[in-house]
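Before any comments, here is the structure.
The values are calculated or read from the model by the stated rules, or taken from the named source; none is laboratory data. It should be emphasised that the depicted structure is a prediction, and the values quoted were computed from it without experimental measurement. Cβ placement follows ideal geometry from the backbone for every residue including glycine, while neighbour counts extend to all protein chains displayed.
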Amino acid sequence: MSREILLDMKGIVKTFPGVRALKGVDFSVAKGEVHALMGENGAGKSTLIKALTGIYQKDGGTITFDGKEINPRTVLEAQKEGISTIYQELNLVPFQTVYENMYLGREPRTSYGTVDRKAMIEGSLKTLGEMGIHVDVTKPLKEFGTAVQQMVAIGRAVSVNAKLVIMDEPTSSLDKKEVAVLFDVIRKLKEKNIAVIFISHRLDEIFEICERVTILKDGELSGSLGIEELDQLKLITYMIGKEAKQLERTKSGYNFDGAQELTSMKNIWQGVRLNGIGIDIKKGEVLGLAGLLGSGRTELAKVLFGATTPDEGEIIWMGQNEKFKSPRDAIRKGMGFCTEDRKVEGIIPHLSVKENMTIALLPQISKMGVVSKKAQSDIVDNYIKRLKIKTPSPNQAIRNLSGGNQQKVLLARWLCMNPKLVIMDEPTRGIDVGAKAEIEALIQELAGEGISVLMISSEIAELQRNCDRVVVMREGVKLKELIDDEINQDNIMEVIASGGNSEIGKEEVVHE
Amino acid sequence: MSNKTATRVDRMETLRKYSAAILLAAMLLLNLIITPNFFGVGTFWNIVTQSCTVILTGMGMTMVISTGGIDISVGAVMALAGIVSMKTLQFGLVPAIICAILACLCSGLIAGFMVGKLRVQPMVVTLALMIGVRGVAQVINDGKIFYMTSDALSAQYKFLGSHKLFGALPIQLVPILLSILVTYFIFEKTILGRHIQATGDNPNSATLAGINTTVTLIIVYMTSAFLAAVAGIFAVAKIGASDGNSLGLLAELDAIAAVAVGGTSMSGGRAKIFGTVIGALTMQLITITVNMNNITYEYAQVFKAIIIIVAVYIQREKTS
């Protein structure tokens, strides 16, 4: 396959205060190629993309695009060259209509100089129609789901004559059906000879859609191969360098029948999301919550943690009836909560790793409100070592760390409190294979120490590997509990599907 | 990722970090050249005495701004402190000061409660207080100016404005140093300091980490009002009169400017206490430079505007 080269990046270097994020990376993409960019968190993927799209200025190296050397200083400049990016957080304006978003910043004018809405509407319908998306473009964007919003972003990229579209984790919040639509769109882009750089942590997707894979590791090129030369294990090996270990279930047998109950929730109602559900967690048990998006898993966890209050229902904690009015109450009783969205509900971005880790612990290592610096440093050093957190220093701002390392810091935030229960909502989302294995090993270690874990995950294999017991939820009700060996993909899917009322077909259930 | 390399990026970072101090140094150097008799002890103490108000209110403003808020009521609160202290001076100086501070703490409590508990926008809350509190200050004395008389209590009050410690150091040094030290201590050493920055940086994360953001915000706005009250009292002592209409007028803007020049991010999360001090001194230095060179005062305003813009430009954070 010797196609014309579209993008050729050579010897790209990028330095941040104290860190060399890219150490001379080569990366090239052919015209009309779907190219996966892979690597662990912190390997330099996003930095490379940002250097390409003008968000960061590279400190060394050359970028040749479509035959000429470019040096974009802003996203707009990159866009003018024909490079468009679809970000994880979509850079659209939710309150404006779909067609306004499509033409944001390049609105066509009428002969009077006013905005030509008719042309915008027609153009949007045409572009989206070609992609196989048929929606009312005069509605505000926010009325549509993530998938449609993403398609609008892609449509926008296509209609500005992009030659290269970069998709950063485009599938992370899509369901299976939406992913299929996205892949159709990618194939259509390919037909138009538009190249796609595809970033994803889901290996299956890489093998389904990509032709070529470039793998980065620690800011260096680890390999660049055609997809036919790779299998999953080989790919993982390129990413983490060491002999990749397959993630497997480590435990067997359920030993919690007679165990002491740590907490239980009874008959919890809240709005339309929780409809009389109850769960219980034993000491040292890893309890999983399975279910589709919108089944009320996170809502239930937030009620337990005191972040929201239920309309009805009771919570029993170590034999006592409790009302948690705020997370503070729950934390005092020995709970910790690693939230699903680290950026919005987890990290305090500009504070250091040290401050982030100890923010909940401070009252315990202070006298009269004055923090003991020594106690703080000791704890932080200990957990950085124990959880193998990669950071140049404990004083580094947490936002400069990779996703996996941020997650470890947040986990350490609760571990240093000696908790009785840690709630983990999608603990490995957006985290690479290596760090994932480490975090899963930690979960088992905690359980071994007698700490209970409530784990929410959309990845059934993850629940299967880690949980002693899984509660399957749907529309805010508990459908069934699965224990030990019963926990597997088929059983869980079957329970979810069978739990629907008769009007809802199975197909719809899966893509809720 | 642990290999540390000094790079251009690092050097730029250093420049940014000390930009406020560099600006101040440049101002001093400029004065050395152009201003006759600039490096006298008198000039120095003059700057200190006159920067009392802006440093005190600036410390409070640094706290408020690092929670992601803003407090534009500080000027009005100063006026309230001035009027209440004069009105109650007949009961003795200490009771008068306590009354003034208590009255101002009420304003801070209202602001903190509205922002922290009811989640109203800080700008709107403190705008209302700015109008309302100054109104109250004027109503208390029917809109008239309180002049100090020559009785013993007034003399005591004036002592707070003109006394020289050890015969040389202006008494304003005491509140200035205390406010800086305490603010620094809070941010560096205490839980409250962490909570303030966490609340400003990411309120969602802060709440879920068990921080009571409501209480944090109430404390912060009350502290700002407290410092404004002290600033008001020292200002009255210096002037020898208290005018509800003009006392502390536009003080909030000077405080915000000092914070901005000092490098504290307006979006919250990062407090630069010494930055604010340097910012306040820079602003004061401009005024003095203009005065000592017999330039019309209005030019000082223009220079200040330029300094604010330059400083904020250097420190701007590249968003990605």
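Odds and ends about this structure:
This table checks each residue for (1) assigned to a helix (DSSP H, G or I); (2) aromatic (F, W, Y); (3) at pLDDT 95 or above.
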| residue | (1), (2), (3) |
| --- | --- |
| B:L32 | yes, no, no |
| B:P36 | no, no, no |
| B:W45 | yes, yes, no |
| B:V48 | yes, no, no |
| B:M78 | yes, no, yes |
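- Qualifying residue in segment A:462-480 (condition: crowded, with 23+ Cβ neighbours inside 10 Å, modelled with pLDDT under 90, among the aliphatic types (A, V, I, L, M) and part of a helix (DSSP H, G or I)): yes
- Condition broken by B:A155, with the remaining ones in (1) at pLDDT 95 or above; (2) among the aliphatic types (A, V, I, L, M); (3) assigned to a helix (DSSP H, G or I) satisfied: (1)
- Of the helices (runs of 4 or more DSSP H) lying entirely inside segment A:84-197, those containing at least 1 residues that are within 19 Å of A:K31 (Cα to Cα) are A:146-159, A:176-191.
- Residue count, segment A:132-169 (criterion: closer than 27 Å to A:E4 by Cβ, surrounded by fewer than 19 Cβ atoms within 10 Å (Cβ to Cβ) and out of contact with any strand residue (DSSP E or B) (no Cβ under 8 Å at 6 or more places or on another chain)): 2
- When the helices (runs of 4 or more DSSP H) confined to segment B:218-320 are screened for residues that are within 13 Å of the chain's Cα centre (by Cα), within 30 Å of A:I348 (Cα to Cα) and β-branched (V, I, T), those reaching at least 3 such residues are found at B:251-262, B:273-292.
- Complete set of residues in segment A:394-424 that are within 11 Å of chain B (Cβ to nearest Cβ) and either assigned to a loop (DSSP other than H, G, I, E, B) or touching an Asp or Glu at 6+ places or on another chain (Cβ under 6 Å) (or both): A:Q396, A:L401, A:S402, A:M417
- The set of residues from segment A:359-393 being more than 12 Å from chain B (Cβ to nearest Cβ) and assigned to a loop (DSSP other than H, G, I, E, B) comprises A:L387, A:K388.
- Matching entry among A:A162, A:A195 (being more than 30 Å from A:R20 (Cα to Cα) and of a type in the set (A, V, I, L, M)): A:A162
- So B:R270, is it within 14 Å of chain A (Cβ to nearest Cβ) and of a type in the set (D, E, K, R): yes
- The residues on offer are A:A43, A:A21, A:A78, A:A36, and the sole one that is part of a loop (DSSP other than H, G, I, E, B) and small (G, A, S) is A:A43.
- Selection of segment A:40-66 for residues being more than 11 Å from chain B (Cβ to nearest Cβ) and of a type in the set (S, T, N, Q) yields A:N41, A:T62, A:T64.
- A:E69 vs. criteria buried (at least 21 other Cβ atoms within 10 Å of the Cβ) and modelled with pLDDT of 90 or more: no
- Considering residues of segment A:284-300 that are surrounded by fewer than 24 Cβ atoms within 10 Å (Cβ to Cβ) and closer than 23 Å to A:R328 by Cβ only, the residue farthest from the chain's Cα centre (by Cα): A:E299
- Note on segment A:344-358: residues that are at pLDDT 90 or above, assigned to a helix (DSSP H, G or I) and facing another protein chain (nearest Cβ under 7 Å) amount to 1.
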